[in-house]
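For reference, the structure is listed below as structure tokens.
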Amino acid sequence: VSPADSKKSCQLSVGVRIPPGFSFGIKAIGYRGLYQLSDKVTATQKAIYYFQGHPEQATASSVFTGPVRGEEYLNILTFSAPLRSPCGGSTVLSLSNSINIDNNANKQGGGYISVGSLKLGENQTYAFDWVKC
């Protein structure tokens, strides 16, 4: 797998209005897709989120290991310590998702992992945790 093809990432920033007296965090993100990996090739799926203006980040990741021959997957990344938004008002939520393929243990091997497909429908789901503050 070439270095240029081994990692793909996407970042999204969304303006959020939070009801007065409430705060939220993301408990988990569910991904659906397709993947195929040669023997000893790994794929790492990682998610990070943060609220702009605050230095803390929440991170979750998981690793798939080959051999796998063209299968569907459902992967739930759970944040062990969800960050909380400011209480009420407006903020910007930034989400970063990345996928990395590593064939260092099998230089002749390769693979792919996709997030979503027309066949699978829904690609990502988010579990929010709302609390009174």
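The values are calculated or read from the model by the stated rules, or taken from the named source; none is laboratory data. Note that the structure is predicted; figures quoted are calculated from it, not measured. Cβ sites come from the backbone with ideal geometry, for glycine too, and all protein chains shown count toward neighbours. The protein model used for the area step is the full one, side chains on, heavy atoms only, and it has no ligands, DNA or RNA in it. Shrake-Rupley method; radii C 1.70, N 1.55, O 1.52, S 1.80 Å.
In the context of the full set of protein chains, the chain has a per residue accessible area of 58 Å² (1.4 Å probe). Calculate, for Ala105 and Ala81, the FRET efficiency according to 1/(1 + (r/R0)^6) with r their C-beta to C-beta distance and R0 35 Å; round to the nearest 0.05. Once rounded, the FRET efficiency stands at 0.70. Quick one: compute the contact order of the chain, relative version, from alpha carbon pairs under 8 angstrom and 6+ residues apart, as a percent. Once divided by the residue count of the chain, the mean separation gives 43 percent. Here is the list for the range 54-133: GluC sites (Glu not before Pro) lying in DSSP coil, each with at most 15 other C-beta atoms within 10 angstrom of its C-beta, are Glu56, Glu122.
Among the lysines in the range 16-133, how many pairs, 8 or more places apart or on different chains, have alpha carbons under 25 Å apart?
Number of lysine pairs found: 5.
Computed across the chain, the Kirkwood radius stands at 16.1 Å (inverse of mean 1/r, all Cα pairs).
The residue among Thr44, Leu74, Gly15 whose Cα reaches farthest toward the positive pole of the charge dipole of the chain, with charges on the beta-carbon of Lys, Arg, Asp and Glu, is Gly15.
Every Cα-Cα pair in the range 74-133 was counted, and those over 15 Å apart are 70% of them.
What's the ranking of 125-132, 44-51 by average number of surrounding C-beta atoms within 10 Å, highest first?
Numbers: 125-132: 11.8, 44-51: 19.0.
Highest mean packing first, the order is 44-51, 125-132.
Label reach from Glu56 (point 7 Å along Cα→C-beta): in the range 1-31, amide nitrogens under 11 Å belong to 25.
Considering only protein heavy atoms and a 1.4 Å probe, what is the carbon-and-sulfur percentage of the accessible area of the range 1-93? Summing carbon and sulfur atoms, their accessible area is 52 percent of the total for the range 1-93.
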